[in-house]
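Worksheet for the structure shown next.
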Amino acid sequence: MKRIEAPTLEEAYKNAAEALKCSVTEIKYEIIQYPSTGLMGLFKKPAIIVAVKKVVVTDTQQEMEKPLVSVQEEEPVETPVTEPALQPKEEGSTKPKNRVSREILDKELITKKKDKVLDSFFDSNEVPSDRDKAAPTIVSDFKDDRDTPENRALSQEIESKLVKLMEISCFQIDTVEVDVFNGTAHIFIDGEDAALLIGKEGYRYNALSYMLFNWINAHYNLYINLEIAEFIQDQEEMIANYLVPIIEHINEKGRGKTKPLDGILVQIALEQLRATFPNKYVAIKTGRDGKKFIIVNNFNSKKNV
């Protein structure tokens, strides 16, 4: 698994392919951060992805094991095999067979582990057991550490700085609350000009979210969850209604995709679809026009939607 950082997503894909020594079509990736040109050269941020090489298990796996057998036969130390039914003439031929079987078993175990890593990488939720049904997300597995002295101090420090920022801005904001826990700064902002701070179609919200993330992540190594008034809640409800027919289509056909989505809507739709289809491959794709949409497919499918 490689973490790749580049000015654009295209360069990130290319660098990931070079780092993994494969073609771009042979990698699976997750977009951690989208690139942004910033404002007049300020707050520019690169594209960040996490990529792994696809693991393909074929029927020629046993043929690939032959070089391993020849190498191990040259080793001076061999593990003795004791079986009561062995005959002296068959001893030389039985040991390589046992080594071949052990190598195949080891290879299968390694392949299964790699497949499990890929599945958990693109879908953090495995098939839930009765014990885990009450905790469908990764975040719920962490203990709430907001009451620790360190997180309380971080909450107060970040909140005081955000209050000063809002005071010198042109927006009438009277509520700024920050709560730090589980590695994330949860920020709530509200006031008379909350709608103006969000902007048309959430453009100002996206810009403010990017700026706050670049500051807080660089100085405090924290992620952020920004809520202005009830903007995120409204967007989640809107996306949930939009996804209803798409989910029905996926249940019938086994695959599907969304229309191009902007800004925070992509991430909201991604989270909701992954929660709905924990056993499918759900990822963000970028079209030729640069717009982003989400596909839902089976993990074992060789051809994406």
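Taken over segment 246-297, residues that are under 27 Å from G199 (Cα atoms) and part of a strand (DSSP E or B) amount to 7.
The condition of being crowded, with 19+ Cβ neighbours inside 10 Å, in contact with a strand residue (DSSP E or B) (Cβ under 7 Å, 6 or more places away or on another chain) and not β-branched (V, I, T) holds for Y281. Quickly run through segment 218-237 and pick out the residues that are of a type in the set (A, V, I, L, M, F, W, C) and in contact with a helix residue (DSSP H, G or I) (Cβ under 8 Å, 6 or more places away or on another chain). The answer is L222, I224, L226, I228, A229, F231, I232.
For N225, the conditions (1) modelled with pLDDT of 90 or more; (2) of a type outside the set (F, W, Y); (3) in contact with a Ser or Thr (Cβ under 6 Å, 6 or more places away or on another chain) all hold with the exception of (1).
So that you can scan it fast, the table gives a plain yes or no per residue for (1) in contact with a Phe, Trp or Tyr (Cβ under 6 Å, 6 or more places away or on another chain); (2) exposed (fewer than 14 other Cβ atoms within 10 Å of the Cβ); (3) outside the structural domain of E271 (by TED's automatic domain parsing); (4) over 20 Å from G263 (Cβ atoms):
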| position | (1), (2), (3), (4) |
| --- | --- |
| I173 | no, no, yes, yes |
| E177 | yes, no, yes, yes |
| H186 | no, no, yes, no |
| L197 | yes, no, yes, no |
| I216 | no, no, yes, no |
| Y220 | no, no, yes, yes |
| E236 | no, no, no, no |
| P245 | no, yes, no, yes |
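The values are calculated or read from the model by the stated rules, or taken from the named source; none is laboratory data. Just so we're clear, the structure is a prediction, and the values are computed from it rather than from any experiment. Cβ: placed from backbone, ideal geometry, glycine included. Neighbour counts: every protein chain shown.
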